[in-house]
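**Q** Next up is a structure, given as structure tokens.
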Amino acid sequence: MHVTVEIEGINLEKLLRAAAESGLLVTGAQRCGPRTMRLRVYAHQMKRLRALCARFGWELREIRAGSLVRAARLLRRRTMLLPSLALGALLVWLSGQMILSVQIDNAQENVAEVRHVLAEAGVRPGRLKAAFSLDDLRARLALRLPGLSFVGLRYAGSTLVCDCQPAALGEQVDVPGGEMDIVAAQPGIVTRISVSSGTPQVTPGQAVCKGQVLIRGVERTQKGQLRAVRAQGQVSARVYAQGEAKVSLTETTTVETGQTRTRVTVHTPWHVRVVRDAQPFASQDVSREKQVIVGLYLPLWREIETYAQTEVFSSPRDRGDAASIAQGAAEKIAKDQCPRDALILDKWVNYSMIDNEFVYATVVLEYETAIAGRTK
């Protein structure tokens, strides 16, 4: 912890001898001018060096202090800085050990019950993480919420994240025993099936139709008897969406001839008055403009309609262009039937002609989605 000083005076060689006799440890002494010397001294010896310079009439100026010296002086001037830093560090550490928020994902209609179970366990913002066992909370949620097939708990910083996976519950069917089956919500080819309770009725690769039972709500006991249960599980399948569109092989275009007519009307909220009338053309484009009539401070405006005469021309359209337009329109219709995040696995396109006047396109998209029906 050194301090660099500059001393000005005459006969500065005495300074070094006097400092050595007084027990001052001076380093880096060098002349900066005929009457100036720069040197380094320990910070705790500065008071004795000032007294020595005052005795011999030398002027002492501090040039630079080390970083540790500056930090120590800052702490002496601001006595509450060090306790404040320590308190801030303690609060940061303590916030990392506390639950400041609770985030529940994918619970759907079970979110209120999840919050209720967590509140019963004492989970709320401000509690310490060490006061809870994630395994115990997970077991409690699984016991109280049969509508969830999986509950994952983890900490993300100071947030307790509860990841939920809803179970697919089947529709009630007329089967003795009152069991609840999972049925297919739409036709498709089964790709994956995961059963939490119940008996699977289909296998991967099997084609199913809408309403077909996928997981039967019965289980066989250890004694070989059947008992009714509520089927739970997930079933994914490849399903298909189809779109159809047709495009004419005759392309029509309209061209304005340059002749126009203008119709002007004045409007109020209660009445419309024709100021200038005009007859429309047999084929025309219409443009409208509304103008507020200012200065009267009344709800009054003028509407100007301009009729532009047009002629219609027909020309043959290339079959390739027509087929491309029809395919794009049909594919858009098919994609509108798919879920927003669906991954298209395959696509089939079929073209046909109708009386040599239209190109007809059919697009079939294949994608994978869950088809398990839910309880109504």
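**Q** Using only the heavy atoms of the protein chains and a 1.4 Å probe, how would Asp135, Asp181 rank by accessible area, largest first? Don't skip to the end; give the middle numbers.
**A** Values: Asp135 100, Asp181 0 Å².
Order by accessible area, largest first: Asp135, Asp181.
**Q** Just to verify a number: FRET efficiency for Val286 and Leu345, C-beta to C-beta distance, R0 = 41 Å, to 0.05?
**A** Details: r = 47 Å, r/R0 = 1.15.
Once the sixth-power term is evaluated, E becomes 0.30.
**Q** A further question on this structure: How much accessible area does Tyr155 have with a 1.4 Å probe, in Å² rounded to the nearest 10?
**A** Taking all protein chains as shown, Tyr155 has close to 70 Å².
**Q** Starting from the amide H of Leu249, placed 1.01 Å from N in the peptide plane, find each other amide H under 5 Å away whose residue is 5 or more places distant or on another chain.
**A** Under 5 Å from the amide H of Leu249: Phe358, Val359.
**Q** Can you give the FRET efficiency to the nearest 0.05 for Thr203 and Asn106, using r as the Cβ-Cβ distance and R₀ = 30 Å?
**A** Numbers: r = 28 Å, r/R0 = 0.93.
For R0 = 30 Å, the calculated efficiency reads 0.60.
**Q** Report, to the nearest 10°, how far helix 319-336 tilts away from the longest principal axis of the Cα atoms in the chain, using its own Cα long axis and a range of 0 to 90°.
**A** Tilt of helix 319-336: around 70 degrees.
**Q** A further question follows. Relative to the first principal axis of the alpha-carbon coordinates of the chain, what is the inclination of helix 111-120, with its axis defined by its Cα atoms, in degrees from 0 to 90 and to the nearest 10?
**A** Tilt of helix 111-120: around 40 degrees.
**Q** Further question on the same structure: For the chain, what relative contact order do you get, as a whole percent, if you take Cα pairs closer than 8 Å and at least 6 residues apart?
**A** Values: 750 pairs, mean separation 46.9, N = 376.
Relative CO of the chain lands at 12 percent.
**Q** Rounded, prolate or oblate: which fits the range 263-342, taking a ≥ b ≥ c as square roots of the Cα gyration tensor eigenvalues, rounded meaning a/c under 1.5, else prolate when a/b beats b/c?
**A** Details: a/c = 5.14, a/b = 1.86, b/c = 2.75.
The shape class here is oblate.
**Q** Right, something else. Would you mind computing, in nm to one decimal, how far apart the modelled labels at Arg17 and Ser67 are, each placed 7 Å from Cα along Cα→Cβ?
**A** The modelled label-to-label distance comes out at 4.0 nm.
**Q** Calculated from DSSP H runs of 4 or more alone, at -39500 (n - 2.57) each and per residue, what is the 222 nm mean residue ellipticity of the chain, nearest 500? Don't skip to the end; give the middle numbers.
**A** Working: 7 runs with 86 residues, N = 376.
-7000 deg cm²/dmol, from helical runs alone.
**Q** By how many nm would the segment from Val312 to Asp336 grow when fully extended, if each residue of separation counts as 0.36 nm and the alpha-carbon distance is taken off?
**A** Working: separation 24, 0.36 × 24 = 8.64 nm, distance 3.36 nm.
Roughly 5.3 nm would be gained on extension.
**Q** May I ask for the net charge around Leu365, where only other residues with Cβ less than 13 Å from the Cβ of Leu365 are counted and Lys, Arg are +1 while Asp, Glu are -1?
**A** Details: positive: Arg238, Lys332, Lys335, Lys347; negative: Glu244, Glu331, Asp336, Asp346, Glu366, Glu368.
Cβ neighbours under 13 Å give a net charge of -2.
**Q** While we're here: Students often forget the sequence filter, so: which lysines lie under 16 Å Cα-Cα from Lys223 once same-chain residues fewer than 8 apart are removed?
**A** Partners within reach: none.
**Q** Which of Lys290/Lys332; Lys14/Lys47; Lys210/Lys347 have a Cα-Cα distance over 27 Å?
**A** Violating the 27 Å limit, Cα to Cα: Lys290/Lys332.
**Q** For the range 271-281, in order, what is each residue's ³J(HN,Hα) by Karplus, 6.51 cos²θ - 1.76 cosθ + 1.60 with θ = phi - 60°, in whole Hz (x at glycine and Pro)?
**A** For the range 271-281, the Karplus-derived couplings read 8, 10, 10, 7, 8, 9, 9, 8, 7, x, 7 Hz, x marking Gly and Pro.
**Q** So how do Trp301, Trp348 rank on accessible area, 1.4 Å probe, biggest first, that is with the largest at the start? It would help to have the intermediate numbers written out before the result.
**A** Details: Trp301 75, Trp348 115 Å².
The most accessible residue leads, giving Trp348, Trp301.
**Q** With the cut-off at 1.5 for a/c, could you classify the range 264-305 from its C-alpha gyration tensor as rounded, prolate or oblate? Don't skip to the end; give the middle numbers.
**A** Values: a/c = 3.18, a/b = 2.23, b/c = 1.43.
Because a/c hits 1.5 or more and a/b exceeds b/c, the range 264-305 counts as prolate.
The values are calculated or read from the model by the stated rules, or taken from the named source; none is laboratory data. In this text the structure is predicted, and so the values were computed from the model without any measurement. Every residue, glycine among them, receives a Cβ derived from its backbone with ideal geometry; neighbour counts consider all protein chains shown. Please note that ligands, DNA and RNA were not included when accessible areas were found on the heavy atoms of the full protein model with its side chains. Shrake-Rupley method; radii C 1.70, N 1.55, O 1.52, S 1.80 Å.
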